[in-house]
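Below: the structure, in structure tokens.
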Amino acid sequence: MESSVRLLDVKGLRKFFPIRKGFLKREVGQVRAVDDVSFHVEKGETLSLVGESGCGKTTTARCILRAITPTSGQTLFRGQDGSVVDVASLPKSQLRPLRRQMQMIFQDPFSSLNPRRTLFDIVAEPLVANEVGTRQERVERVAELLRLVGLRPEYMRRYPHAFSGGQRQRIGIARALALNPSLIVADEPVSALDVSVQAQILNLMLRLQAQLDLTYLFVAHDLSVVKHVSDRVAVMYVGKIVEMTETQRLFTAPRHPYTEALLSAVPKPDPRLRAHRIVLEGEVADAANPPSGCYFHPRCRYAVDACRQETPRLEEIEPGHFVSCHRARELTLRGVGQ
Amino acid sequence: MTSEGGAAPILSVRDLKTHFFQDEGTVRAVDGASFDVPRRKTLGIVGESGCGKSVTARSILRIVERPGRIVGGSILLRRDAGNGQAGGVDLAGLDPAGYEMRQIRGGDIGLIFQEPMTSFSPVHTVGNQIIETIQLHQNVSVEAARLKATEMLHLVGIPKPERRLDEYAFQLSGGLRQRAMIAMALSCGPRILIADEPTTALDVTTQAQILDLLRHLQDREGMTIILITHNLGVVAEMCDEVVVMYLGRVVEQGPVDAIFHAPKHPYTKALLRSIPSIQATVRTELPTIAGSIPHPYNRPSGCPFHPRCPDFMPGTCDRSEPSLRPVDDNQGVSCFLYHPA
Ligand SMILES: Nc1ncnc2c1ncn2[C@@H]1O[C@H](COP(=O)(O)OP(=O)(O)OP(=O)(O)O)[C@@H](O)[C@H]1O
Ligand SMILES: Nc1ncnc2c1ncn2[C@@H]1O[C@H](COP(=O)(O)OP(=O)(O)OP(=O)(O)O)[C@@H](O)[C@H]1O
Ligand code: SF4
Ligand code: SF4
Ligand SMILES: [Mg+2]
Ligand SMILES: [Mg+2]
């Protein structure tokens, strides 16, 4: 990769959802869905967000795309003209040109496509909305996009029900690419797909990235999938990033006890590797009512007194390796072998 | 082809055919599946979406919904006749709504599904539903059934079980709900537990808890488990024996180590290569299986895998259908590479 350029720089991002109760819908509390999250994504790389259900992955992604407005924090995005803008604070009226440059791929290829519209309508929709090209140019562009994602241009007149899950996900990808975006946010793009189809879509995403110089923010809970696509990985727990580093390092030499437990829990497709697993007891903390100190302490096998009182900060313990744990420097944790 | 020591398999499925008769055509969801379930072991059934795993499970329990029905084959359940003699019953020949099948369902064979919400009623408490199940199979008082239900919730690791009995399924987290469903399925002491994608909707950490629980319960109760999943990692961790299905048929069965380290069928090999692994090198392309699964209405002639098979032999594989035959004492495969047509 050439000298790194930050395409996205997220600083202190927070999104709290109010909890309302009763007839008057009084606010009785807050879900701290995303709580002081900072990271950056370089141009051309893939950063993955992983963690258990409810840890705030989707909310983070939606804040970045300004599908929802964050409670506080900045998301600095470098536009294709080279200027850097804070998407989090931009007035709604000025979002449109930026939205073209950031696109989303969704988890569910079944519900995200309108069944009453043809493939052409679906893929050309962003072109129409942004008044790009004449009708003939759009037909050509859609044909090109369909070829790019491995579908036949002749399919243009068909409706989505005639396609399998994998093909529908390709349609979703074609639509996301229509306006030449620089950032693709993919929220669980393969988790609804079958194993063999999953492999095809992951390969397609890798190929498109190289071909079109795309940058991916990849949201997933499946660590095996994440390993296949990411340059770097950020692990989230109850609204916070607890560890972030290069993929290889995160998998082989994790430094946060939660990462270690997650890696250990992944079933390995080899019966000879039936190792003694670390089974995390209990459940994920409640984001509306998190525990004191380190949010992970009730489930952490390494917890000490300090963990119950003081909240650890995300620190760079080695160049490029960020960990939020009081004991990160002293613990020796287990990763997965090659 | 199964189990050591010559002990008879607890369940033997032979040439099972379950078809769905629809206006647009017949879906041959299960189309000649044969396999054995070794006693007190865990058998995994794997295969891609739509290959007939769930319909196989529903056929065993005789809960296939219309317009589907079993059109051929047998499902032999071997059970003690009480006098030390082994007796057998062909489930495929029983009346699905009859007394015997109702006793077997939930009594001899328990079932847990992927989505626990669908197996619990939203208007009854978890406790009442478990108590009802117990009373359906055992002649006990409500108090005794309630005690048993509490004991079951405790057994599956639900904290404060007395309190949870009076809650509704929607009040429980995903992991607790799955545990409650396991408790209900086990409340009548089944000897076979069929678990259809029991952890697919769960996080890896919760999945690890549930798999641990199943292993623990198996050790304690000596249960046989049929674990249906498309997650080959779960199979590698949990199963003793594996059945691989493709388009309604069993293409390979063998011990877990053989399936992962010496697979025979081209489909099994391709499937294993295509899975993303946590052990893999970062950012590498995965080998994929050529083509896609055919639509269930138009099954290919001959070997159902032939349009996608890298070892396809024209004139053979597209002419006749290979049958599942042993390649050695423990492993069986249905492919002309191993048995001449
Ligand atoms: N619109 C909303 N109103 C209130 N709470 C919300 C809303 N959206 C999300 N939350 C809460 O915010 C937290 C984070 O949710 P989010 O969907 O970001 O998690 P996630 O990591 O994407 O989980 P999953 O893996 O299940 O998709 C959860 O506690 C969720 O219940
Ligand atoms: N009620 C039904 N009516 C018509 N066809 C059905 C019905 N239930 C299942 N089928 C068809 O039978 C075939 C096998 O389905 P089955 O549910 O057993 O697949 P599966 O292997 O369990 O897949 P998955 O991994 O997606 O759960 C599929 O083609 C499916 O569409
Ligand atoms: S800070 Fe303490 S409780 Fe939190 S992860 Fe580190 S050791 Fe565990
Ligand atoms: S029978 Fe022929 S087509 Fe079928 S799996 Fe074997 S080699 Fe391939
Ligand atoms: Mg999400
Ligand atoms: Mg199924």
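The values are calculated or read from the model by the stated rules, or taken from the named source; none is laboratory data. Because the structure is a prediction, the values reported are computed rather than measured. Glycine gets a Cβ as well: all are built from the backbone with ideal geometry, and neighbour counts include every protein chain shown. For accessibility, only protein heavy atoms count, side chains too; no ligands or nucleic acids. Shrake-Rupley method; radii C 1.70, N 1.55, O 1.52, S 1.80 Å.
The table for this structure:
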| quantity | calculated |
| --- | --- |
| Some residue of segment B:62-70 being closer than 16 Å to B:Val250 by Cα, of a type in the set (A, V, I, L, M, F, W, C) and either assigned to a strand (DSSP E or B) or modelled with pLDDT under 95 (or both) | no |
| Candidates A:Gly51, A:Gly22, A:Gly12, filtered to the one that is farther than 23 Å from A:Val266 by Cβ, surrounded by 13 or more Cβ atoms within 10 Å (Cβ to Cβ) and either within 14 Å of chain B (Cβ to nearest Cβ) or more than 8 Å from ligand 1 (Cβ to nearest atom) (or both) | A:Gly12 |
| Considering residues of segment A:76-119 that are open to solvent by 90 Å² or more (accessible area, probe 1.4 Å) and of a type in the set (Phe, Trp, Tyr) only, the residue farthest from A:Val219 (Cα to Cα) | A:Phe110 |
| Residue count for segment A:25-47, restricted to those that are of a type in the set (Asp, Glu), open to solvent by 30 Å² or more (accessible area, probe 1.4 Å) and not in a strand (DSSP E or B) | 0 |
| Qualifying positions in segment A:315-338 - in a loop (DSSP other than H, G, I, E, B), surrounded by 18 or more Cβ atoms within 10 Å (Cβ to Cβ) and modelled with pLDDT of 95 or more | A:Ser324, A:Cys325, A:His326, A:Arg327, A:Ala328, A:Leu333 |
| Residue check, B:Arg308 open to solvent by 70 Å² or more (accessible area, probe 1.4 Å) and within 26 Å of B:Thr26 (Cα to Cα) | no |
| Residue tally, condition exposed (fewer than 13 other Cβ atoms within 10 Å of the Cβ) and either assigned to a loop (DSSP other than H, G, I, E, B) or at pLDDT 95 or above (or both), over segment B:82-106 | 8 |
| Residue match in segment A:302-321 (condition: within 14 Å of chain B (Cβ to nearest Cβ) and under 27 Å from A:Arg32 (Cβ atoms)) | no |
| Condition broken by A:Val266, with the remaining ones in (1) without any contact (Cβ under 8 Å) to a residue 60 or more places away in the chain; (2) under 25 Å from B:Thr284 (Cα atoms); (3) within 7 Å of chain B (Cβ to nearest Cβ) satisfied | (1) |
| Residue satisfying all of: in segment A:137-163; over 29 Å from the mean Cα position of the chain (by Cα) and at pLDDT 95 or above; surrounded by the most Cβ atoms within 10 Å (Cβ to Cβ) among these | A:Arg138 |
| Residue ranges of strands (runs of 3 or more DSSP E) in segment A:204-292 with at least 2 members closer than 27 Å to A:Arg327 by Cβ and open to solvent by less than 30 Å² (accessible area, probe 1.4 Å) | A:232-237, A:240-246 |
| Single match in A:Glu260, A:Glu246 (criterion: touching a Leu at 6+ places or on another chain (Cβ under 6 Å) and within 12 Å of chain B (Cβ to nearest Cβ)) | A:Glu260 |
| Among the candidates B:Ala280, B:Ala341, residue that is part of a loop (DSSP other than H, G, I, E, B), in contact with a Lys or Arg (Cβ under 8 Å, 6 or more places away or on another chain) and over 30 Å from A:Ser264 (Cβ atoms) | B:Ala341 |
| Contacts under 8 angstrom Cβ, first residue in segment B:305-320 being free of Cβ contacts under 8 Å to residues at least 12 places away in the same chain, partner in a loop (DSSP other than H, G, I, E, B) and open to solvent by less than 60 Å² (accessible area, probe 1.4 Å), 6 or more apart | B:Phe312/B:Asp318 |
| Long-range neighbours under 9 Å by Cβ, at least six apart or interchain, first residue of a type in the set (A, V, I, L, M) within segment A:56-72, second assigned to a helix (DSSP H, G or I) | A:Leu65/A:Arg99; A:Ala67/A:Ala61; A:Ile68/A:Thr59; A:Ile68/A:Arg62 |
| In segment B:202-234, the residues that are touching a strand residue (DSSP E or B) at 6+ places or on another chain (Cβ under 7 Å) and part of a loop (DSSP other than H, G, I, E, B) | B:Met223, B:Thr229, B:His230 |
| Given (1) in a helix (DSSP H, G or I); (2) within 12 Å of chain A (Cβ to nearest Cβ), index of the condition B:Thr199 fails | (1) |
| Selection from segment A:172-193 of residues that are within 14 Å of ligand 1 (Cβ to nearest atom) and open to solvent by less than 10 Å² (accessible area, probe 1.4 Å) | A:Val185, A:Ala186, A:Pro189, A:Val190 |
| B:Asn298 vs. criteria within 25 Å of B:Thr18 (Cβ to Cβ), open to solvent by 50 Å² or more (accessible area, probe 1.4 Å) and modelled with pLDDT under 95 | yes |
| In segment B:223-254, the residues that are open to solvent by less than 10 Å² (accessible area, probe 1.4 Å), under 11 Å from the mean Cα position of the chain (by Cα) and within 11 Å of another protein chain (Cβ to nearest Cβ) | B:Thr229, B:Val242 |
| Options A:Phe110, A:Phe77: the member that is farther than 19 Å from A:Glu42 by Cβ and of a type in the set (Phe, Trp, Tyr) | A:Phe110 |
